[in-house]
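Taking it in order: structure first as structure tokens, then the write-up.
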Amino acid sequence: MEQAAPRRVGMVAVIGRPNVGKSTLVNALVGERVSITSRKPQTTRDRVLGVRTDADAQYIFVDTPGFQRRHRSALNKRMNEQVKGALADVDAVVLVIEATGWRAEDEAVVQLLPEGSDRVILAINKTDTIAEREKLLPLLAESMGRFPFHAIVPVSAEKKRQLDDLLKEVASLLPEGLPLFEADQYTDRSARFLAAEQVREKAYRLLGDELPYGIAVTIDRWDETDAGAEIVATLVVDREAHKPIVIGKEGAKLREISRLARADIAEMLGKRVHLEVWVRVKKGWNDDARALRTLGYD
């Protein structure tokens, strides 16, 4: 009887500066929405695992917060520590930059990589924004001189271009082993966590530049049956002045946040969902270690 080919299994850290499209890339590679996305930098705050299981490989992608040194709050310090910690626990690394070229912030992320590592792949994202592919050639040449990358792969996470090429390069770095997750499992996070993230994503997307950075979401009640789920969530802001911004005129903004989040949570759970979203002020929570623990940012 012919023996089955060995399966590649391993952890893959996806790192980069804020807003280069790491979460969009992880979602595209996994085929499910495991991380929320928005145009606001550092939307991702927690290390999230996204799992893709193919016939010959199981990829466990670690979506990390964007690494930056500009802001010094306790929350940002914690997010930076998550990025550093992820690099110590993985079999391969995908560093993401934009097709528009290297920035000083990208170089700061390169400095975190183990010197001389041969397990780092560079993904040049957002190639769909470049009209002529030939314009990428100087960037490819420059990138080869920045670090001894195992491979350099131009991709578009948004348009799902050349993701198979990226997966092939990642698989070549993974060790042989047994799957760590069931074939139908696509994340290690609970439904409650993903629901809270959906609320936060909708707030970011609807409020845009109006939205204060200091916002968090808690799930205060979760009653679920086979028929449906009753969920109460709270948007936490760090200033009194931010509360009316989130609520909007006659509650319009908050209702829309709730409506959009409810639709996505219902799709995720595959059942009817009733969602209530409230707003509460907790001053300075994102620079208070105790408050961070209370809000789930351990």
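Looking at R17, R70, R103, can you tell me which residue is at pLDDT 90 or above, among the basic types (K, R), assigned by TED's automatic domain parsing to the domain that holds P148 and out of contact with any Leu (no Cβ under 8 Å at 6 or more places or on another chain)?
R103
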Residue within region 206-228 that is within 20 Å of the chain's Cα centre (by Cα), surrounded by fewer than 14 Cβ atoms within 10 Å (Cβ to Cβ) and either touching a residue at least 40 places away in the same chain (Cβ under 8 Å) or not assigned by TED's automatic domain parsing to the domain that holds L260 (or both) present: yes
All positions within region 152-170 that are of a type in the set (K, R), out of contact with any Ser or Thr (no Cβ under 9 Å at 6 or more places or on another chain) and within 22 Å of N19 (Cα to Cα): K160
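Picking from A252, A263, A183, which residue would you name as being surrounded by fewer than 19 Cβ atoms within 10 Å (Cβ to Cβ), out of contact with any Phe, Trp or Tyr (no Cβ under 7 Å at 6 or more places or on another chain) and farther than 30 Å from L29 by Cβ?
A252
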Where E201 falls short, out of the listed (1) at pLDDT below 95; (2) out of contact with any strand residue (DSSP E or B) (no Cβ under 9 Å at 6 or more places or on another chain); (3) surrounded by fewer than 19 Cβ atoms within 10 Å (Cβ to Cβ); (4) closer than 20 Å to V34 by Cα: (3)
Cβ pairs under 8 Å, 6+ apart, first in region 266-283 and within 16 Å of K243 (Cβ to Cβ) and in the same structural domain as R200 (by TED's automatic domain parsing), second part of a loop (DSSP other than H, G, I, E, B) and among the charged types (D, E, K, R): V281/D238; V281/R239; K282/D238; K283/D238; K283/R239
Residue within region 239-250 that is at pLDDT 85 or above and closer than 22 Å to V48 by Cβ present: no
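Step by step: first the residues of region 152-163, then only those that are part of a loop (DSSP other than H, G, I, E, B) and not charged (D, E, K, R), then the one that is nearest to N27 (Cα to Cα). Which residue is that? Step through it out loud before you land on a result.
Initial filter on region 152-163 (part of a loop (DSSP other than H, G, I, E, B)): 155, 157-160, 162.
Retained after the next criterion (residues that are not charged (D, E, K, R)): 155, 157, 162.
Details: V155: 14, A157: 8, Q162: 14 Å.
The extreme case among them is A157.
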Of the criteria (1) surrounded by fewer than 17 Cβ atoms within 10 Å (Cβ to Cβ); (2) assigned to a helix (DSSP H, G or I), which one L166 fails: (1)
Any hit, region 85-99, residues being charged (D, E, K, R), out of contact with any Pro (no Cβ under 9 Å at 6 or more places or on another chain), closer than 30 Å to L137 by Cα and modelled with pLDDT of 90 or more: yes
Number of positions in region 114-151 that are free of Cβ contacts under 8 Å to residues at least 24 places away in the same chain and not in a loop (DSSP other than H, G, I, E, B): 8
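The values are calculated or read from the model by the stated rules, or taken from the named source; none is laboratory data. Everything quoted here is computed from the prediction, not taken from an experiment. Positions of Cβ are backbone-derived with ideal geometry, glycine not excepted, and every protein chain shown enters the neighbour counts.
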